[in-house]
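See below for the structure under consideration.
The values are calculated or read from the model by the stated rules, or taken from the named source; none is laboratory data. None of these values were measured; they are calculated from a predicted model. No Cβ is skipped: glycine too gets one built from the backbone with ideal geometry, and neighbour counts run over all protein chains shown. Surface accessibility is based on the protein's heavy atoms, side chains included, excluding ligands, DNA and RNA. Shrake-Rupley method; radii C 1.70, N 1.55, O 1.52, S 1.80 Å.
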Amino acid sequence: MDLAALFGPEGALARARSGYEPRPPQEAMAGAVWQSLERGGDLVVEAGTGVGKSLAYLLPAALWAVTRDRRVIVSTHTRALQEQLLNHELPTAAKALEALGLPLRYAMLMGADNYLCVQRLARLRARPDTVSETGKDILDRLDAWTRDAQTGHRSNLPELIPQNLWDRVARDTDICMGPGGPYWDRCLWRRDRERADRAHILVVNHALLLSGARLPPSDAMILDEAHNLEDAASARYGVAAGLGRAVALTEEVRVAAKLYADESLSALADEAASGLGRFLEDLARGSGLNAPDEENQGKLLEHTPDAPPPELLALDKALAEAAAAAEGRPDETEMRMLHARVAQFGHDLMAVLKPDSSATARWVAWPRTGPELRAAPLDVGRRLAEGLFSRGIPAILTSATLSIGDGLKDFKSRVGLPEARELVLDSPYDYSTQAAFWAVEGVPDPKDEEAHAAAVTQMCADIVARVPGGVFLLFSSWKLLKRVHGLLRKKIPGRPVWAQGASGHEALVREFEDAGDAVLLGVDTFWQGIDVPGEALSCVVLVKLPFPNVSSALEEARRRWLEENGRDYFKDWSLPRAVMKFRQGFGRLIRTGTDRGAVVCLDSRVLKKGYGKTFLRSLPPCKKLNGLDDLEAFFKADAGA
């Protein structure tokens, strides 16, 4: 690959994107990606903010795929990055290759529940007594729209669909009849799938990549936002069987039973719902969980029954018999699919009750839909090595934050790629002049919840008063976020003070950016993947060091397992994860070469504890602040310049 022809001042990328400036780190990453694709072998790249990593992997991947007639799967963790790749970066890559006489085809696939199912839409319209008048009107408009639509993706629908209605018309692989079904010619997902089959670059997300779904064959894979891979793998390789799912499933059986006038089957569905409710609640209460858990921490399952409730077994048997009796009749397909779904629920339930590996966390949670049993693997690296990374094709993993300041060895080991080549590329931004950092002393210990919340609220109000632009307040606890939000709104008149969850994630970020001086409180997802350049985000406050929640059942199971295997939970797991997330939070601040702002940490452990140095060493060199006056002076100096 001639890197200069692509990334040079007069190269294809400069002609495809106005204002493009060559960046040596971007070219270095592109060369490493090309080498892995051409020669084989895995690669892990930490590319700091501003390197331009998306095009650094997309351009060589696109060139390789087009000239070698190959397909590359590009996987992300967040929908925001998927859409950025599809709507901005891939069109740029296509334009660059077009200048070289090379046509690039690309497409995106997401999980089944992101697509409208024409079959389910038609069936729901055929049962108008189960839908409100407003719902009927929406369904009629959707049906008319599908006649000429080329995609069934939810983001392309002509109007917003209420979630409770969407759940009834979204694609469900358990009841899809495929090519043998009466709606295959109108199937919109099929059209998306056909585009994916023709694509050189196919964009998916980690959840779909790890799900075992039948994706088009690929010759290489690139995983962006790779710092989320462990969590995505833990979720996808795990199982859950809860009351919400049981209620929805038995309701489907009741609807089918009513449609085919099978009263005994309807009665068995009612009994299964009741029996599962009692079974799950008894397990929850027996584990010390007696009500919905706001923080969703759950309780470990120490002792569990050997079998599911008899009512579930009775429903499973009845559906198997109903499917056999319906052979050759119109209801055969539906009965077989309902039986398959009930059988899968039973299989998932048993996977929690009697897991096939000791390296499995088992716990009960109580979300708003009711008690739920969950299980997740603790040896994610082994599962990835034996699954995703055993295909014999190059795997390229990248993110802005993968290390904790001592290379990528720890990360590579945790994700099952210990022998992968590694490359670390620093950000080209000048943090020493663009960014400042202040570690605050004297905030009360979080164990004193009332004093801690009051101090955090006052300090945040004082910080906001001295920052002319927008402020992110990043939390590790929903409970503390809600408490501080309620107090802070009274202390900051004249500026918007919003909290995550008040509206849609993407809409909230747009409102924040448009406001220019808003205050936004967020948890978890707001620590990463948010891109707000300019004065609209001038300060990021990290309320607490983002250690995993040791009170959660999953983390307690992980601690036990690591210690049983002679490892240290804090050193080998908790600290590396916290530092990685800390760097993600810090990374929200400087998004362009002209941005300027400050990061404030309200957790004095970063100064007082020995491990605090690990956090501080992980940050780029920047100006150190020592108080509110310094903070105010920093921004006044910027205004004066």
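Take the alpha carbon gyration tensor of the range 1-67, find the square roots of its eigenvalues, order them as a ≥ b ≥ c, and report rounded if a/c is under 1.5; if not, report prolate when a/b exceeds b/c, else oblate. Judged from the Cα gyration tensor, the range 1-67 comes out oblate (a/c at least 1.5, b/c at or above a/b). Measuring nothing but how far apart in sequence close Cα pairs (under 8 Å, 6+ apart) lie, relative to its length, the range 1-113 scores a relative contact order of 26 percent. For the range 384-391, putting each phi into the Karplus relation 6.51 cos²θ - 1.76 cosθ + 1.60 with θ = phi - 60° gives couplings of 5, 4, 7, x, 4, 9, 9, 7 Hz, in residue order, rounded to whole numbers and with x for Gly and Pro. To the nearest 10, the accessible area of Cys176 is 40 Å² with a 1.4 Å probe.
Full extension of the chain segment joining Arg147 with Ser358 gains 70.8 nm, where the gain is 0.36 nm per residue of separation less the Cα-Cα distance.
Ranked by the mean number of other Cβ atoms within 10 Å per residue, highest first, peptides 360-366, 442-448, 622-628 order as 360-366, 622-628, 442-448.
Ordered by 1.4 Å accessible area with all protein chains kept, Thr134, Thr78 run largest first as Thr134, Thr78. The residue list Met110, Ala122, Leu100 was ranked by how far each Cα lies along the charge dipole of the range 82-129 toward its positive end, using unit charges on Cβ atoms, and Ala122 comes out on top. What the chain shows is 44 Å² of accessible area per residue, with the surface traced by a 1.4 Å probe over protein heavy atoms. Solvent-accessible surface (1.4 Å probe) assigned to Glu251 amounts to roughly 80 Å². Extension gain for Ala126-Glu251 works out to 43.3 nm (0.36 nm per residue, less the C-alpha to C-alpha distance).
Give the lysines whose C-alpha is closer than 27 Å to that of Lys53, dropping any in the same chain fewer than 8 places away, or say none. Straight-line reach from Lys53, under 27 Å: Lys95, Lys409, Lys412, Lys581, Lys623.
Ligands, DNA and RNA excluded, the heavy atoms of Leu545 present near 0 Å² of accessible surface to a 1.4 Å solvent probe.
Expressed as a whole percent, the accessible area of the chain that falls on carbon and sulfur atoms is 49 (1.4 Å probe).
In sequence order, the range 526-538 has phi-based couplings of 7, 6, 8, x, 9, 10, 10, x, x, 5, 4, 10, 9 Hz under the Karplus curve 6.51 cos²θ - 1.76 cosθ + 1.60, θ = phi - 60°, and Gly or Pro positions carry x. A helix-only calculation puts the chain at -14000 deg cm²/dmol for mean residue ellipticity at 222 nm, using -39500 (n - 2.57) for each DSSP H run of at least four residues, averaged over all residues.
Short-range pairs are left out: with C-alpha atoms under 8 Å and at least six residues apart, the relative contact order of the chain is 16 percent. A Förster radius of 60 Å, combined with the Cβ-Cβ distance separating Asp167 from Leu100, puts the computed FRET efficiency at roughly 0.85.
Take the Cα of Glu159, go 7 Å toward its beta carbon, and the backbone nitrogen atoms of the range 112-143 under 11 Å from that spot belong to 134-143. Working ranking of peptides 373-381, 136-144, 220-228 by packing, defined as the average number of other Cβ atoms within 10 Å per residue, highest first, is 220-228, 373-381, 136-144. In whole Å, how far is the Cα centre of the range 72-95 from that of the range 271-314? What the calculation gives is 42 Å, centre to centre.
Remark: the range 508-594 carries a charge dipole of roughly 380 debye about the Cα centre, counting +1 on each Lys and Arg Cβ and -1 on each Asp and Glu Cβ. Label separation (Asp568 vs Thr594): 4.7 nm, computed from points 7 Å beyond Cα along the C-beta direction. Sorted largest first by accessible area at a 1.4 angstrom probe radius, with every protein chain in place, the residues Glu321, Glu632 fall in the order Glu321, Glu632. Residues Glu555, Glu281, ordered by accessible area of protein heavy atoms at a 1.4 angstrom probe radius and largest first, appear as Glu281, Glu555.
This model, with +1 at the C-beta of Lys and Arg and -1 at the C-beta of Asp and Glu, gives the chain a dipole about its Cα centre of some 820 debye.
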